[in-house]
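One structure is given here, and the rest of the page talks about it.
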Amino acid sequence: MNPPESQVLEFGPFRICPRERLLRRAHEVIALPPKAIDTLLVLVSNAGRGLSKSEIMDSVWPDAIVEEGGLARNISLIRKALGDPDGKTYIETIPRRGYRFIATVESPLEPSPDERSLAVLPLDSVSAVAGDEYFAEGMTEALITQLMRLETLRVCPRTSSSLFRAGAMPLREIARELKVGLVVEGSVLHADGRVRITVRLIRGADEKPLWSGVYERLLEDVLTLQAEVARDIAREFRVQLTGAEAAMLSNARSVDPAAYTDYLRGRYFLNQRTKESLGRAREAFEQAIARDATYAPAYAGLADAYAMLGSAGYDVMPPHEAMPRAREAATRALALDGSLAEARAALGLIKLVYDWDFPAAERDLRAAAAQEPGSSTPWRWLGELELAKARPEEAIPAFEKAVALDPLSAPGHLGLGWSCYFLRRHQQAANHFLRALELSPNLPMALYGLGLSYLHQRQELEGLRVFLRADLSTQGDAASVMLLTAASAFTGAAEAAATHRTRLEAMRSTRYVPAVYFAYVYAISNDLDRAFQWLERAFEERSSDLIFLRVQPALHSLRADQRFAALMRRMGI
């Protein structure tokens, strides 16, 4: 099989295009000699099919006689480039015959970017004030949010566009990576109580400047300034605004300058997604609200902060403490501004992971997706909802939609990984987790999923190495210690499991450790009574992990017990 020259072939974190004849890993080009590239293309194009050595050599060297040693050298170079020296992940040796490419190969559709798709690159901060970068980042995000509300535009979300800065690489390459036709770049000056934004609209294909504008206002009128920039960009696109869209861009209110600055600082810390930064984000949003109790986006940001602080993986606050505060903030945001899709999505998430009210969660999440068609967040939570319903196959389209909207954001790939993991497609799951790690190195949830995928493929050593990496990178988070405990028990290393379990138990005296983590450990150890005792505590905490009761492999040993069915009835799922 020979793929079209323009067809991109993806496997794991890698992709290759016959026309370019380049192997890429994220934005990095992996150096390989031309004939090694040809060899890889033959194998990838025939993924799953055993090829004889002569078949491969006839394709790579059609007009020459070559010894088998030349092919063997190419295979060795490719395996080294892919990090697969033993041929267990990508290129399998068929003894005395040839080779087979064993990883899943995907070929995503790549439509030509149209003139109504754009990405806003991070605006440069030209302020002389040290530490003022958060302001430019916040202004970039605000402009993206304004534009994403225009239904006829396709706008690349912040999480993907933030990976690129003007000048880091040619704009035509940035546009191609983000699959957009046009790029917005510019700068922000914040000084003496005033804000000045300079923006330029550039066509990606030939880097031709199409339009530029300079806007300056008092900081208290910054929302009006943002609306003006969005409206003028829409005009350049010849977008016909609906009545609601025109009203949104015309009715911007003034805001307390200090409150707005606090709000931008909160968004900056929220986007870092670490335990420490989430605490600082919460403080910044609360300060913004104290200064201006009518500014709805600050409440929406506070809802997101509390929802994450109470979620599994972050484990900063017990859910029964964090989620009611998140709900209160999201409800207040919507009372002030019913069009805030991020607040509607946060409310849907709370109903999913805390109320365990799946129908109500779906209504809010679909409403959020309709309010902001370019946002990937509601689709990620809709994917989680399908997983909670024990329908991982149906979750995949939702996560694929999230990836299509935000292709360079790790969470969508993470969702695909967990969907495949719950479907027992462990190699596919590992490939998605590896892609998430390419986009967000050392992302804890991706490391956890990758380690579990290795364990279920009987690659115990690789799985333990990944969990040790997670333990080191998170500085001993409870989730990583729980997985080390469970993995040790799973592989029969009873002494190591006991050591890690002692670590986990000791943590409870100094920090919040979700009860469900102990339930996992005891379930894998086949200590069912203790597992159910800890599940009862997890129920009292209203742990978000409990929504996955029906698909979580770690709890397989409990499902035949009548106590399991009783717990599900009490949860109403």
Out of all the residues in the stretch 238-255, is one or more over 30 Å from the mean Cα position of the chain (by Cα) and within 30 Å of residue 311 (Cβ to Cβ)? yes
Please determine, by comparing only the residues of the stretch 366-379 that are in a helix (DSSP H, G or I) and out of contact with any Ser or Thr (no Cβ under 9 Å at 6 or more places or on another chain), which one is surrounded by the most Cβ atoms within 10 Å (Cβ to Cβ). 378
Every residue from the stretch 238-255 that is surrounded by 18 or more Cβ atoms within 10 Å (Cβ to Cβ) and either at pLDDT 90 or above or farther than 16 Å from residue 340 by Cα (or both): 255
From the options 470, 523, 487, 531, residue that is crowded, with 24+ Cβ neighbours inside 10 Å and at pLDDT 95 or above: 531
Considering only the stretch 150-165, I want to know if a residue exists there that is closer than 22 Å to residue 295 by Cβ and in contact with a helix residue (DSSP H, G or I) (Cβ under 6 Å, 6 or more places away or on another chain). yes
Tally of residues being at pLDDT below 90 and either over 14 Å from the mean Cα position of the chain (by Cα) or not acidic (Asp, Glu) (or both) across the stretch 412-438: 0
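Considering 481, 513, 466, which residue is of a type outside the set (Lys, Arg), in contact with a helix residue (DSSP H, G or I) (Cβ under 8 Å, 6 or more places away or on another chain) and not in a helix (DSSP H, G or I)?
513 is the lone residue from the list that is of a type outside the set (Lys, Arg), in contact with a helix residue (DSSP H, G or I) (Cβ under 8 Å, 6 or more places away or on another chain) and not in a helix (DSSP H, G or I).
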Within the stretch 490-503, tally of residues that are in a helix (DSSP H, G or I) and surrounded by fewer than 21 Cβ atoms within 10 Å (Cβ to Cβ): 8
Boolean, residue 380 is among the basic types (Lys, Arg) and over 15 Å from residue 307 (Cβ atoms): no
State whether the residues of the stretch 386-401 include one that is at pLDDT 90 or above, at positive phi and surrounded by fewer than 24 Cβ atoms within 10 Å (Cβ to Cβ). yes
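Of the residues in the stretch 354-365, how many are aliphatic (A, V, I, L, M) and either surrounded by fewer than 23 Cβ atoms within 10 Å (Cβ to Cβ) or closer than 17 Å to residue 310 by Cβ (or both)?
Of the residues in the stretch 354-365, 2 are aliphatic (A, V, I, L, M) and either surrounded by fewer than 23 Cβ atoms within 10 Å (Cβ to Cβ) or closer than 17 Å to residue 310 by Cβ (or both).
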Out of curiosity, is residue 378 under 13 Å from the mean Cα position of the chain (by Cα) and free of Cβ contacts under 8 Å to residues at least 12 places away in the same chain? no
Counting only residues that are aromatic (Phe, Trp, Tyr) and either touching a Cys at 6+ places or on another chain (Cβ under 9 Å) or in a helix (DSSP H, G or I) (or both), how many does the stretch 160-219 have? 0
Among the residues in the stretch 179-192, are any exposed (fewer than 14 other Cβ atoms within 10 Å of the Cβ), of a type outside the set (A, V, I, L, M) and assigned by TED's automatic domain parsing to the domain that holds residue 149? yes
Single residue of 550, 458, 542 found to be under 30 Å from the mean Cα position of the chain (by Cα), exposed (fewer than 14 other Cβ atoms within 10 Å of the Cβ) and not polar (S, T, N, Q): 458
Checking 454, 448 in turn, the sole residue that is in a helix (DSSP H, G or I) and touching an Asp or Glu at 6+ places or on another chain (Cβ under 6 Å) turns out to be 454
List pairs: first in the stretch 251-272 and among the small types (Gly, Ala, Ser), second surrounded by 22 or more Cβ atoms within 10 Å (Cβ to Cβ) and outside any loop (DSSP other than H, G, I, E, B), Cβ under 6 Å, 6+ apart or cross-chain? 259/288; 266/281; 266/284; 266/285; 266/301
Every pair of residues 6+ apart whose Cβ atoms lie under 9 Å, when the first sits in the stretch 204-217 and is in the same structural domain as residue 235 (by TED's automatic domain parsing) while the second is in a loop (DSSP other than H, G, I, E, B) and exposed (fewer than 15 other Cβ atoms within 10 Å of the Cβ): 207/170
Filter result (free of Cβ contacts under 8 Å to residues at least 60 places away in the same chain and surrounded by fewer than 16 Cβ atoms within 10 Å (Cβ to Cβ)) within the stretch 143-168: 165, 167, 168
What pairs come out if I take residues in the stretch 526-541 that are farther than 26 Å from residue 322 by Cβ and pair them with residues that are small (Gly, Ala, Ser) and surrounded by 14 or more Cβ atoms within 10 Å (Cβ to Cβ) whose C-beta lies under 8 Å away, six or more apart or interchain? 526/557; 528/557
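The values are calculated or read from the model by the stated rules, or taken from the named source; none is laboratory data. All values derive from a computational prediction rather than experimental measurement. In this analysis, Cβ positions are derived from the backbone assuming ideal geometry, glycine residues included, and neighbour counts consider all displayed protein chains.
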